[in-house]
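Here is the structure we will look at.
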Amino acid sequence: MFDRELVFKALDGSLFVISPNVANILFSYRQIGTSSPESAGVLIGERRDTHIILKDLSEPSKFDIRSRFMVDRISKHHQKTVDEAFKKSNGELHYLGEWHTHPEDVPNPSITDYTSWHKNLKSDLPLVLIIVGRTHFWVGKKIKNNLEVLKQI
Ligand SMILES: [Zn+2]
């Protein structure tokens, strides 16, 4: 369990902060069991100057196709979660990127991950990507076509 925020730093000095409640929800989807499926969702939070604060997320729904090694985010409920957070927060909470789980302790992006991020994530603003492993998070920041791995501080 996390009782404090997780802070990551990019090379340009900007911070990416994961609030404890979001870190705990992400961790609850770890693929611990031999048959636990891969989970995925979208990341929601605030942008303050160049800093990004992760405050909310969408969780898998029964409409997602889930298997152990792939997950297809077909469900509209992820977009709905973003829209509702935006409305409830008077426009302070935005879509920030995506998360999914991997059945490995210290996760790394797969070729499929890179391909799909490159193809599907288009934004002029930086996006963040999280892979939830069994013991560690992998955190990346996508700026246009550049992907930087963020270091926890
Ligand atoms: Zn992956």
With 147, 129 as the choices, which residue is among the hydrophobic types (A, V, I, L, M, F, W, C), closer than 14 Å to residue 10 by Cβ and near the ligand (Cβ under 10 Å from one of its atoms)?
129
So is residue 26 within 16 Å of the ligand (Cβ to nearest atom), of a type outside the set (Phe, Trp, Tyr), crowded, with 16+ Cβ neighbours inside 10 Å and assigned to a helix (DSSP H, G or I) or not?
yes
Between a residue in the stretch 106-130 that is over 15 Å from residue 43 (Cα atoms) and any residue that is within 13 Å of the ligand (Cβ to nearest atom) and modelled with pLDDT of 90 or more, which pairs come within a Cβ distance under 6 Å, given they are 6 or more apart or on different chains?
106/133; 107/131; 107/133; 107/138
Among the candidates 92, 104, 98, which residue alone is in contact with a helix residue (DSSP H, G or I) (Cβ under 9 Å, 6 or more places away or on another chain), closer than 24 Å to residue 32 by Cβ and not basic (Lys, Arg)?
98
Kindly provide the set of residues from the stretch 93-108 that are buried (at least 21 other Cβ atoms within 10 Å of the Cβ) and of a type in the set (Val, Ile, Thr), ordered by number.
101
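Any chance you could count how many residues in the stretch 115-136 are in contact with a Leu (Cβ under 6 Å, 6 or more places away or on another chain) and in a helix (DSSP H, G or I)?
The qualifying residues number 0.
The values are calculated or read from the model by the stated rules, or taken from the named source; none is laboratory data. Owing to the predicted nature of the structure, the values given are computational and were not obtained by experimental measurement. Because the Cβ atoms are built from the backbone with ideal geometry, glycine has one as well, and the counts that use them run over all protein chains shown.
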